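These notes are about the structure you will find just below.
The values are calculated or read from the model by the stated rules, or taken from the named source; none is laboratory data. Remember, it's a predicted structure, so these values are computed and weren't measured experimentally. Cβ atoms come from the backbone with ideal geometry, glycine included; neighbour counts cover every protein chain shown.
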Amino acid sequence: MASTSETGHAKNVANFQDLIEFITGYGAIYNPSKTNLKLPQMVALKAAADTSIADVIPKNTDYNTKVNLRAAAFSDVRGLATRLIAALQATDASDETIADAKTFNNKIQGKGSSTPKAPLDPNNPPAKTISASQQSYDQLIQHLSGLKSILEAEPSYAPNEVDLQIATLDTKIADLIQTNDAVPPVYAAVNNARIARDKILYTDENSLFETAKDIKIYVKALFGSTSPEFAQVKGIQIKKPKL
């Protein structure tokens, strides 16, 4: 879904309120046969538009918060993996065990590929797969879990550093899973709210956008194309974004 700023949506609703004010001023002479062009329906539509815009804001905030928490949780994974490999190399582990561990570390580091960025735009889905680098959040969890399993199986791996110990890795991986799993629900919530808003403002048959167009046509028919009344309303813009 293409984005447009929340300010743009709010401006459209404010412009629709201008239409309402002019129509109110025309009094009883404004009497369209089409129900959605009548003044009470216009007022109700404007209220629904306000509500739909307001509904997006907390969901968008929640989404960005969860995305930022996930980015923070994953920010030290690569550095941690490098330290784990060094700690393993300082044990009696075999060359084969170290090589297996390095395979997982290479995947975590994403060698030969770019580092993924967590999306902040609610109109774009959270990063799930970047196949060339195997650097999606899900895969980073899998690779770190694979590295942990090798360390756990090595009898000589018993570091004194708490953050390199297996129990700490278990906690870290659980935290990564929790923060990663928290993103999709809030992503769905904000996108559903945006869809509902866009229906009211732009895409429904009697949306704000379509209603404004029809109001202008009726005012033109009622007062004439050169009338001051039509001059009042014809320049009021309700801009429809690309959806």
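General remarks:
- Residue within the stretch 27-34 that is in a helix (DSSP H, G or I) and hydroxyl-bearing (Ser, Thr, Tyr) present: no
- Here the condition is being among the basic types (Lys, Arg) and at pLDDT below 95; of Lys66, Lys102, Lys59, Lys111, it holds for Lys111 alone.
- The listed residues are Lys11, Lys66, and the only one of them that is under 25 Å from Lys242 (Cβ atoms), of a type outside the set (Gly, Ala, Ser) and under 29 Å from the mean Cα position of the chain (by Cα) turns out to be Lys11.
- Residue match in the stretch 212-231 (condition: in a helix (DSSP H, G or I), under 20 Å from Thr7 (Cβ atoms) and touching a Leu at 6+ places or on another chain (Cβ under 9 Å)): yes
- The single residue among Lys11, Lys59 that is farther than 15 Å from Ala193 by Cβ and not small (Gly, Ala, Ser) turns out to be Lys11.
- Any hit, the stretch 133-151, residues being surrounded by fewer than 14 Cβ atoms within 10 Å (Cβ to Cβ), part of a helix (DSSP H, G or I), touching a helix residue (DSSP H, G or I) at 6+ places or on another chain (Cβ under 6 Å) and at pLDDT 95 or above: no
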